[in-house]
Amino acid sequence: MRIIEIDNVSFHYKAGTPVLENVNLNVDKGEWITILGHNGSGKSTLSKLLVGLLRAKQGTIRVANVELSETTVYDIRKKIGIVFQNPDNQFVGVTVRDDIAFGLENLQVPRGEMIERIEQYAQKVDMADFLNKEPHNLSGGQKQRVAIAGILAMETDIIIFDEATSMLDPKGRNTILSMMKQLNDEGVTVINITHDMKESLYGDRIVVLKEGRILKDDTTKVVLADHKTLEKSSLEMLLPLRVLRALEAKKVDNEKVRSYLWQLSLTG
Amino acid sequence: MKNIVIGRFVPGKGFLYRMDPRTKIISLVLLMASAFVIRNFTAMFMAIGFMALLLVAGRINIFRVLSGLRPLMYLLAFTFIFQLLFNTQGDLVVAWTLHYSPLNILMVTALVMLWFFTKRHVKFKFFFFLATLVGAVALVANLRLGPAFATGTLDIYESALTTGFFIVMRLMIIVTLSTVLTLTTKPTDLNLGLESVMSPLKVFRIRTEEMAMIISISLRYIPTLLDEANKIMLAQASRGVDFSEGKFKAKIMQIVSLLVPMFIISFKRSDELANAMEARSFVPGQPRTRLHQLTWGLADTAALVVSLLALTAVITTRVVM
């Protein structure tokens, strides 16, 4: 079932310098797709278009069969949550509890249910002991977990992670990634926007963006092995696959080595 | 710098901490009004007694309240002296002839020297200064040493003393009351209370919820921005800017080198924050449910009744007497 349909969407801040050009993209319910691209490839703009923070200059966006427009944008925001890059700039509440509550207050969830949901989702992201803590007493990873709890509590069908791990240390990043995995297993549609090749290993599908155009849209395994596309979008192939390619160039063709290297790259 | 306390809230126990912020705000206004209406000594002494009772019953550290009064003392002293010099109503209480003679002036100079060299050892510097000032004037008026080359007069009238006393006491009561409020109320609760108290202003299309939201976000971002300021100062220091020294002009340049990046960063932050808020379904002006709810207790009703009684009492005494 299609949950997001992006049809021929273009966007520019200044006429003549397009940020996105004729983008077509469909996302199925429960899918995990990775949008891979370098700085300025338009990947963050795409996420802003999806929740109506920016309006497409051309083309249509449909979320769960509802076309995004000025009247439907508020309903669509109830279906998509975004976790942004900077953990500090999305922390609205004075405490962790207040911050998780913020989205619920906006959705006019009754107070009793709000308290239950805060408890439930704080536990889910393992922040239940920090509910009364203030943001400046938390680490980046903890703040990002709070941001996730805030989105989860709103119970959206789709969660976009817009470079959500790029400001975290490796430990914080791994926690967030395993959290994404768990959510996806539970049926949440995950869109992970990143420029990190390793992160793209987790998803089902990779969309490569370059200068506002979709360069490639295929399964993870196909895109990761496609050195031409990766090179074109100045992304670096994962090390085991680079080794594999070098071996192939030397005509060293061993089925065992090949499968081992693939396995190595896919387990990260 | 990270754990900076805003609004001087000091955690503690006592009934003032448990009270609804709305009660505290309304009572504050009522009691402040009472302090302004008071015009006789008995009522004023009762008010002072009431304040003492409040501080004791609320288990509030008196030194914190005094430190709240500290910045006010220059204003208080100035107002009082101004009254003494220029208020000429009522009976004459003090009529001094000031005797300006070389010996007297020498004595005053000696006194000033004494003040100058001992002031660093004295704890209450400003009071020491005032005492020196009064002492100098008293000396010039009462000790007539040698022939005077000029004379002056110093007349102090009754009304000057009483009006001065009332003004000083009123200001002290007001500052003490507001210190008690900020000491015992968390900034977030204060914000919630203010929003609730000001909600009738919605009739005049003043958007109180948004004002409260702005205040709460400011409170949340103060530590973050201070942190940022610290980082910028370190970055500038590593490039040779010295924030601790320099002349006035150099200081201005240092502040500019801090402020410009701070402004840019703040705008960037607020833009991202606005996006994050909107993405989480925040729509300005739309109704929202609330996690925090204020609860009105019996103590709150009692406090409000007491404050109201105080105000009516002082108004009636003023009308009757």
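Every read-out reported here was derived from the displayed coordinates using simple, explicitly stated rules and does not represent laboratory data. Here the structure is a predicted model, which means the values were calculated and not measured. Backbone-built Cβ (ideal geometry, glycine too); neighbour counts: all protein chains shown.
Listing for the model above:
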| quantity | calculated |
| --- | --- |
| Projected area, mean over directions - the range B:32-104, Cα convex hull, nm² | 8.3 |
| For the range B:210-321: span of alpha carbons on each principal axis (Å, largest first) | 69, 47, 21 |
| Neighbourhood charge, 12 Å Cβ-Cβ cut-off, centred on B:D91 and excluding it, Lys, Arg +1 and Asp, Glu -1 | -2 |
| Helical contribution to [θ] at 222 nm, DSSP H n ≥ 4, -39,500 (n - 2.57), averaged over chain A, rounded to 500 | -11500 deg cm²/dmol |
| Among B:M44, B:M213, B:M262, residue whose mean-square fluctuation peaks in a GNM of chain B (springs only between Cα atoms under 10 Å) | B:M262 |
| Kirkwood hydrodynamic radius over Cα pairs of chain A, then Stokes diffusion coefficient at 20 °C and 1.002 mPa s, in µm²/s | 109 |
| R0 of 45 Å, Cβ-Cβ distance B:F124-B:D227: FRET efficiency to nearest 0.05 | 0.80 |
| Counting all C-alpha pairs of chain B, share separated by more than 28 Å (%) | 63 |
| Around A:V190: net Lys/Arg minus Asp/Glu count, Cβ-Cβ under 9 Å | 0 |
| Positive-end extreme of charge dipole, chain A - chosen from A:L46, A:N22, A:L244 (charges on Cβ) | A:L244 |
| The protein assembly as shown shape via C-alpha gyration tensor axes, a/c threshold 1.5 | prolate |
| Kirkwood-Stokes translational diffusion coefficient of the range B:93-160, alpha-carbon pairs, 25 °C, 0.890 mPa s, µm²/s | 189 |
| Ellipticity estimate at 222 nm from DSSP helix runs (n ≥ 4, -39,500 (n - 2.57)) divided over chain B, nearest 500 | -23500 deg cm²/dmol |
| Using alpha-carbon coordinates, inclination of helix A:140-153 to the longest axis of chain A, degrees | 70 |
| FRET efficiency, A:A246 to A:S166 (Cβ-Cβ, R0 41 Å, nearest 0.05) | 0.90 |
| Two-site label geometry, B:I206 and B:T97: point separation in nm, points 7 Å out along Cα→Cβ | 5.9 |
| Centre separation in Å (Cα based) which lies between the range A:19-40 and the range B:25-60 | 66 |
| Spatial separation of Cα centroids for the range A:181-197 and the range B:215-252, in angstrom | 39 |
| B:V37 paired with A:E113, simple spin-label distance in nm, labels 7 Å along Cα-to-beta-carbon | 4.8 |
| Student exercise, the protein assembly as shown dipole from Lys, Arg, Asp, Glu Cβ charges, in Debye to nearest 20 | 1460 |
| Helix axis angle, B:208-238 relative to chain B longest principal axis, alpha carbon, degrees | 80 |
| Between the range A:232-268 and the range B:270-321, the Cα center-to-center distance that results, in Å | 65 |
| B:K268 versus B:I174: modelled label distance in nm, points set 7 Å from Cα along the beta carbon direction | 4.4 |
| C-alpha long axis of helix B:187-198 to longest principal axis of chain B, angle in ° | 90 |
